[in-house]
Amino acid sequence: MTQQFYVSPEQLMKDRADFARKGIARGRSVVVISCADGIALIAENPSPSLHKIGEIYDKIAFAAVGKYNEFESLRQAGVRYADVRGYSYDREDVTARGLASVYAQSLGAVFTAEQKPFEVELAVAEVGFTQEQDHLYRLTFDGSIADENGFVVMGGLADQISDVVSGAWEPELTLAGAMQLALRALATNKEVDELPATAVEAAVLYRASESNRGSRRAFRRLLPEDMTRLLTEES
Amino acid sequence: MQDPSAGPLATQATSSFTEHLQRSRPELLPFNQSLPAGTVPPSPHATTIVALTYAGGVLMAGDRRATMGNIIASRHIEKVFPADEYSVLGIAGTAGLAIDITRLFQVELEHYEKIEGTLLSLVGKANRLGAMIRGNLPMAMQGMAVVPLFAGFDHGSGVGRLFSYDVTGGRYEEQEHHSVGSGSVFARGALKKLWKPNLSEENAVAVAVEALYDAADDDSATGGPDPVRQLWPVVYTVNRSGNRRVPERDLAAVAGAIVEARAAAGREA
């Protein structure tokens, strides 16, 4: 009978983390920015149908980088969790905090127990009535969870993109301003100053959607023409 | 939340919220209960719903009364609900179950939209509702029937369409107009006389309110316009731009005009 080689837990976890980090760094980036009009979610994504950004519930959206099949299964599980919770309690009782901690548990369990960790990084955003009530959670492959202030940047070149965003981010930013900032940031290390509207997937969680848009559901996916309009608008 | 690492995740994946509940939380479904032997104690019932098509859309209206035997259980109940952005449903029958089925149906449509990233077709929605009513058949056999009326805007053909159901979940497409509930026979008579092709939205609202007035006139379980409490029927219109609840003040004016015209006519029946 063959004896298994001993690998220390530290080494095992480090190898897994390196593996996951490499997978994520290969992918394109996602930026989530809280602004005066709501929360803007922008992903560098040439595909018009395979989404990296999705609606979870009335005020809650999801953004991810990494392996599509892995984050898509997490997105669907999140929608199921939120819908069951909202149906059995009330729509008000579905919160980003609850969802983020369920995600953290799932990611943590996969990281320690499964053959291979998930190569994903997630952001869970919840828009509030005021900007102080906005919640941005960032979840990594090992189940760590961070409560971010103002914006989240994930994916390849996250540090460089994050530098650009943090240099220009301010709470008074309009939606157009946030979009313009995100497109400028995502163009880091490319030959262009700004990405074209067709190269990104964008969505927004509108603040106070009940009174402004007549719908409890705050999430709207932005079409390329909406983006073009926002990019030419004065910020 | 199901474990996302589970191997057979793909086989478990469903776009239907009802199927998901059936598998993971069957106790949350409004139907699917095994009832003990015995008779069901009296429970509130919702009554008349009318729906009609007009130029560019479809309209649904319901009165505000719920009855429990010969008692008025509620004067404020709402029986017409938006199902999603482009469809509405009205319910007659056991109020408690009907409201839960409505809630489940609303989540079902929204869940599909979020999982698939696209809206279900109008006939797809109508079929899902039929499946839920069929699921409720054991309850209906015990006297707790729920009979919905479903209407929506069909983007494929660009018209408003109307579907009725029986307790077995059978789905029937209706032309022009339809009504369900205990006052429906009287409402139907009124609709036959008042409905015309290509009604404007404004006239369609007036026709629906007048049909409900006629139902309330002859059916004790249907409530008429209530000027004392300022209660008017709940009316929703659905057209290409989505559904809209007709504001109270418009309904007050419409109901007021009908009462005035009838008083002026000075006839008994």
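Numbers below:
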read-out: Single residue of A:195, A:205 found to be assigned to a loop (DSSP other than H, G, I, E, B), among the aliphatic types (A, V, I, L, M) and either open to solvent by less than 10 Å² (accessible area, probe 1.4 Å) or touching a helix residue (DSSP H, G or I) at 6+ places or on another chain (Cβ under 8 Å) (or both); value: A:195
read-out: Filtered residues of the range A:1-46 (kept if within 18 Å of the chain's Cα centre (by Cα) and among the aliphatic types (A, V, I, L, M)); value: A:20, A:24, A:25, A:30, A:31, A:32, A:33, A:39, A:40, A:41, A:42, A:43
read-out: Selection count where residues are over 22 Å from the mean Cα position of the chain (by Cα), more than 16 Å from residue A:174 (Cα to Cα) and either more than 14 Å from chain B (Cβ to nearest Cβ) or open to solvent by 40 Å² or more (accessible area, probe 1.4 Å) (or both), scope the range A:215-235; value: 1
read-out: Test: residue B:103 is away from chain A (no Cβ under 14 Å), open to solvent by 10 Å² or more (accessible area, probe 1.4 Å) and among the basic types (Lys, Arg); value: no
read-out: Strands (runs of 3 or more DSSP E) completely within the range A:102-180 that count 3 or more residues being touching a residue at least 24 places away in the same chain (Cβ under 8 Å) and away from every other protein chain (no Cβ under 14 Å); value: A:120-126, A:135-139, A:151-154
read-out: Any hit, the range A:78-92, residues being within 14 Å of another protein chain (Cβ to nearest Cβ), touching a Pro at 6+ places or on another chain (Cβ under 8 Å) and closer than 30 Å to residue A:198 by Cα; value: no
read-out: Single residue of the range B:65-85 satisfying the filter (part of a loop (DSSP other than H, G, I, E, B) and surrounded by fewer than 24 Cβ atoms within 10 Å (Cβ to Cβ)) that is nearest to the chain's Cα centre (by Cα); value: B:78
read-out: All positions within the range A:1-47 that are assigned to a strand (DSSP E or B), in contact with a Phe, Trp or Tyr (Cβ under 6 Å, 6 or more places away or on another chain) and not β-branched (Val, Ile, Thr); value: A:38
read-out: Any hit, the range A:185-202, residues being within 14 Å of chain B (Cβ to nearest Cβ) and of a type outside the set (A, V, I, L, M); value: yes
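The values are calculated or read from the model by the stated rules, or taken from the named source; none is laboratory data. Keep in mind that this is a model prediction, so the values were computed, not measured. Virtual Cβ from ideal backbone geometry, glycine too; neighbours counted across all protein chains shown. What goes into the accessible areas is simple: the full protein's heavy atoms, side chains included, and nothing from ligands, DNA or RNA. Shrake-Rupley method; radii C 1.70, N 1.55, O 1.52, S 1.80 Å.
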